[in-house]
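No lab work stands behind these numbers, since they all come straight from the coordinates. Bear in mind that the values here come from a model prediction, so they are computed numbers and not experimental data. Cβ placement follows ideal geometry from the backbone for every residue including glycine, while neighbour counts extend to all protein chains displayed.
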Amino acid sequence: MEDIYLLNPDADLPDEKHIKKTLSPDGRNSLQGAVRLLSAADPHWAVPEDMNKLLDDSSSTIEKLAGGIFGAASRAQGKPRHYDPILSGLLYGECIVVPTCTKDLVDSAPPQLKKRLEDIYASTPLLFDTISPSGAFPVYDNMGLSMFHSFREMKIRDIKQRWKDAERLLGDAAKDSDVKNVGEYWDYEKHYVWIEGVDEPLIESDNEWGFIPVAAGITEGSELFSKSGQYTRQPFLYTLWRSEMWKRQNLALTVMFSRIFAIGANPQNIYKRNDPNKMAPLVDYSNVDGTIVIDNNEDYGSANKNVIDPSLMTVLDIAQQKGVESTIYRQTLGEPLGGTAPFSMFAMVSQSGRLPLIPYQRMISHVLGDAMAKGLRMLKIHGGTISVREGDTKALVEVDASQLPDHIDIECTLDIKMPQDDQANAQTAIAVTAGDAPLMSLETAQKRYLNIEQPEEELQKVWQERAAAVYYQQWLQQQIALSQQQAQPGVQQGLPPVQLPPEMMGGQGGIPQGMPPELLAQMQQGQMAQGMPDPRSTGARPGVPGVPLPGPLPPMGAPEGM
């Protein structure tokens with residue numbers, strides 16, 4: 001599969017000089033498009049509500065913490081941390097993510113690297129690394145991951161920076177640019193790290209975590225295929241690879257372009273002579289076009305060349321169609337259906353075309369959730385206060401690590417996001433929450449259809465905006481009444497003063513923030529007293545900007561006027 005994705009040379013193609021070797025990019029394009037679909041949106045984190053409330057009264061503390069840690073790790077490591085797991089799951093059929101406490105890195109760092117790691121520790125408590133399955137050997141049983149063994153090629157410089165004992169073990173003879181294999185072994189009792197060719201291990205200790213700090217899972221395939229010659233991992237390009245349809249595409253494209261360069265790019269002419277002993281006619285190039293003199297009953301002209309045989313094009317079309325059927329339909333990746341196809345048809349094809357990605361979406365989400373859960377358990381063991389910035393607002397989230405649950409059930413969701421989804425999801429959310437007997441609560445609809453991770457906070461913001469509008473209308477009504485009283489002396493004051501909340505008050509004599517100066521001047525001069533309609537006779541809904549408040553809010557579901 002790596003050869004297809006990396007477009008490595010196909011050994012089955014001929015090697016003659018006139019052959020124009022051409023590799024089909026279809027497999028790479030399909031896999032790259034699938035990666036872009038799955039990585040288009042940031043992961044969403046969710047935990048049971050009762051588990052969140054073990055910390056405080058907020059129902060989203062752990063969700064915010066997980067999102068903040070994952071975002072901070074992405075910034076610290078210079079790349080969104082869900083991109084490599086998605087690529088690994090699609091390309092290899094397996095996904096392996098290792099959470100690492102930055103505190104452990106600081107404690108084990110050599111002096112020259114300590115300051116750098118302390119800066120990273122100040123920004124994120126966890127890092128997430130993706131290990132290539134080509135050098136990893138996780139062992140699964142009916143209870144999940146039971147053992148993990150891996151080999152990774154690392155430069156001597158990186159090994160010395162990662163383990164402070166490495167410089168002593170390697171000695172001065174090793175160059176920093178040299179590469180060594182570093183092995184690692186985990187089970188529920190032991191942990192070993194060693195350098196290939198070095199007798200003394202870097203780490204030989206008991207597993208004090210109580211679990212294997214590695215999250216791994218097979219994204220496509222099954223352990224049922226355990227016989228010789230069968231593959232338990234069957235990744236995204238498995239069908240294209242095993243059927244050798246990719247090789248047929250390479251061969252057809254190579255033949256086509258070789259013939260185009262050998263025949264189509266070289267001019268060929270035909271001379272029909274009236275005497276078999278005559279030589280080809282001479283061309284007089286004394287003018288721009290050149291002149292050819294031929295005798296009677298002779299003909300001279302360009303050859304009618306059929307460079308590409310139609311049957312070759314038919315074979316290539318079949319191979320490409322089978323390649324599409326083996327991976328993902330092009331319309332899912334944005335290819336248009338045609339100028340006359342309606343948008344509804346495009347949306348339907350795009351939705352159904354994502355079905356091949358569902359198992360990868362679920363399994364990669366499961367691995368990321370498992371990695372985050374194990375990382376939080378590691379932080380609980382270390383203790384202390386966890387501080388991260390979360391979301392677009394970069395709100396500070398602080399959690400006492402010792403108060404985290406012993407076993408965290410956290411779920412990660414990778415959303416396959418496309419542009420046409422937002423409008424359809426918003427319409428669905430409105431439909432299921434409308435009316436006196438809604439089919440779904442606003443909180444559930446916001447989570448399920450709008451991907452709002454903390455719907456209770458969003459609802460609180462909505463109510464704050466509504467309350468601010470109501471308070472503003474009351475304040476405006478009071479100012480109008482006061483201006484009328486000033487214009488007509490002797491009128492009894494009948495409206496009680498309205499106290500605005502602090503967030504609506506400005507810094508100039510209690511003027512609400514955002515109040516236009518022209519409107520304020522008119523109210524102070526009493527110019528708005530004449531012609532002002534009675535706010536109680538408008539019949540307007542409360543809370544609408546620019547409309548006076550008619551009265552108190554009616555009960556939910558009650559008809560107007562009651």
When a footprinting reagent is the concern and you count Cβ atoms within 10 Å, what order do 465, 456 take, fewest first?
465, 456
Just subtract the alpha-carbon distance of residue 139 and residue 119 from 0.36 nm times their residue separation and send over the number in nm, one decimal.
3.6 nm
Residues in the range 123-155 that a label on residue 203 would reach, taking backbone N under 14 Å of a point 7 Å out along Cα→Cβ:
127-129, 148-152
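Determine, for 288, 397, 462, the number of other Cβ atoms within 10 Å of each Cβ, and report the residues in order from fewest to most. Intermediate values should be presented prior to the final figure.
Values: 288 5, 397 22, 462 11.
Arranged by neighbour count, lowest to highest, 288, 397, 462 become 288, 462, 397.
On full extension of the chain, what length is gained from residue 467 through residue 157, given 0.36 nm per residue of separation minus the C-alpha to C-alpha distance?
Numbers: separation 310, 0.36 × 310 = 111.60 nm, distance 6.04 nm.
Full-extension gain reported as 105.6 nm.
Kirkwood hydrodynamic radius of the range 244-333 from all distinct Cα pairs, in Å?
Details: mean 1/r = 0.0583 Å⁻¹.
When all Cα pairs of the range 244-333 are included, the Kirkwood radius is 17.2 Å.
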Could you list 260, 480, 358, 62 so that the one with the fewest beta carbons within 10 Å of its beta carbon is first and the one with the most is last?
358, 260, 480, 62
Tally Lys and Arg at +1 and Asp and Glu at -1 over the other residues with C-beta under 9 Å from the C-beta of residue 410: what net charge comes out?
-4
Mind checking the dipole of the range 185-265: about its Cα centre, +1 per Lys or Arg Cβ, -1 per Asp or Glu Cβ, Debye to the nearest 20?
1220
In whole Å, what is the distance between the alpha-carbon centres of the range 178-215 and the range 86-101?
19
Length gained, residue 436-residue 228, 0.36 nm per residue minus C-alpha separation, equals 68.7 nm
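What FRET efficiency comes out for residue 278 versus residue 324 if R0 is 51 angstrom and r is the Cβ-Cβ distance? Round to the nearest 0.05.
Details: r = 55 Å, r/R0 = 1.09.
Efficiency for this residue pair is about 0.40.
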Placing each pseudo-label 7 Å from Cα in the direction of the beta carbon, residue 409 and residue 355 end up separated by a distance in nanometres of 3.1
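Given the pairs 64/160; 64/447; 17/322; 180/247; 115/160, which are separated by over 24 angstrom at their Cα positions?
On the way: 64/160 35 Å; 64/447 14 Å; 17/322 31 Å; 180/247 35 Å; 115/160 15 Å.
In this structure, 64/160; 17/322; 180/247 exceed 24 Å between Cα atoms.
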Once label points are set 7 Å from the Cα along Cα→Cβ at both residue 478 and residue 317, what is their separation, rounded to one decimal in nm?
7.8
Could you order the peptides 162-174, 232-244 from most to least packed, using the average number of other C-beta atoms within 10 Å per residue?
232-244, 162-174
Cα-based shape type of the range 112-200, given that a ≥ b ≥ c are square roots of the gyration tensor eigenvalues and the cut on a/c is 1.5:
oblate
Once the range 213-292 is represented by equal point scatterers at the alpha-carbon sites, with solvent omitted, what log10 I(q)/I(0) does the Debye formula produce at q = 0.22, 0.25, 0.26 Å⁻¹?
-1.09, -1.18, -1.19
